[in-house]
Amino acid sequence: MKKEETPIVGTPDGKKEEGNSLSETKKEEMTLKERLSLFLQEGKEWKLTPKSFFFSFAWLGLLLLALDFASKWAVQLSLSPGPGGERFVIPEFFSIYLTYNQGSAFGLGDSAAWARIIFIIISWVASILIPIFHWHYLRKRDYWINAVFALCFAGAAGNLIDRTFYWPSTTGFSGVIDFFCFYIYGPDKAPFAIFNVADACLSVGIVLLLLIFLVRFVKEELEKHGKANGK
């Protein structure tokens, strides 16, 4: 009789992980040092092969990070900041508009030195923790979550470079380079949003993560409902 294979957690179907990991009860009884050791050990279970590397989407994060860096400097070297250098791609709706953001998304905390320092610290922490957790969860072969990690890493690291290294004394300007400009209410009004590739990666990553959780939650509830009804 053929032995059934144990499904693995994190597949696009959201199936369960192989039954060789510690139970949640045992993990709760472990000390912080033991949990950290287990966390690092579990990451080593991932084996590097051409296929596993492709589906890790680590290459996607690095590619998007390079695209973000290249696009920012292409605009920086081609256009003047402000309305004088604006170039419309779609008349009265979308343009390339060079500006510098010293805060976070949508200018939050802009021009405040303390806010920029906080965002620099947050960006560094995120850029370090995202790859660590990505490496840890690679063993689960969750391709969708891998894509989320790649997008979020590109977003965090992309703006980290700008916030940390772009100052008047080093580059002649200060802050994150933004240039995708959308006028939802018309060109005579203030832009709805001005952002860059890194911002787009981070936004798409967060939206994708919410959709994944929503779809898997609904699927799990439907399966529970089906079992309760004997289906």
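The values are calculated or read from the model by the stated rules, or taken from the named source; none is laboratory data. The structure displayed is predicted, hence computed values, not measured ones. Counting neighbours? That spans all protein chains shown, and the Cβs are built from the backbone with ideal geometry, glycine included.
Filtered by the rule that a residue be surrounded by fewer than 13 Cβ atoms within 10 Å (Cβ to Cβ) and of a type in the set (Ser, Thr, Tyr), the stretch 53-83 gives Ser78, Ser80. At pLDDT below 95, over 30 Å from Arg216 (Cα atoms), over 17 Å from the mean Cα position of the chain (by Cα) and exposed (fewer than 15 other Cβ atoms within 10 Å of the Cβ): is that true of Gly103 in this structure? No. Is it the case, given these coordinates, that Lys72 is charged (D, E, K, R) and at pLDDT 95 or above? Against the criterion (charged (D, E, K, R) and at pLDDT 95 or above), Lys72 qualifies. Here is the figure for the stretch 189-218: residues that are assigned to a helix (DSSP H, G or I) and among the basic types (Lys, Arg) total 1. Residue pairs whose Cβ atoms lie under 9 Å apart, separated by 6 or more positions or on different chains, with the first residue in the stretch 66-85 and under 27 Å from Leu151 (Cα atoms) and charged (D, E, K, R) and the second modelled with pLDDT under 95 and not in a helix (DSSP H, G or I), are Lys72/Val176. Applying the set (1) touching a strand residue (DSSP E or B) at 6+ places or on another chain (Cβ under 9 Å); (2) crowded, with 22+ Cβ neighbours inside 10 Å; (3) part of a helix (DSSP H, G or I); (4) not acidic (Asp, Glu) to Phe149 leaves exactly one unmet item: (1). Of all the criteria given as (1) in contact with a helix residue (DSSP H, G or I) (Cβ under 6 Å, 6 or more places away or on another chain); (2) farther than 30 Å from Lys47 by Cβ, the one not satisfied by Trp167 is (1).
Within the stretch 75-86, the set of residues being over 14 Å from Ile177 (Cα atoms) and at pLDDT 95 or above is empty.
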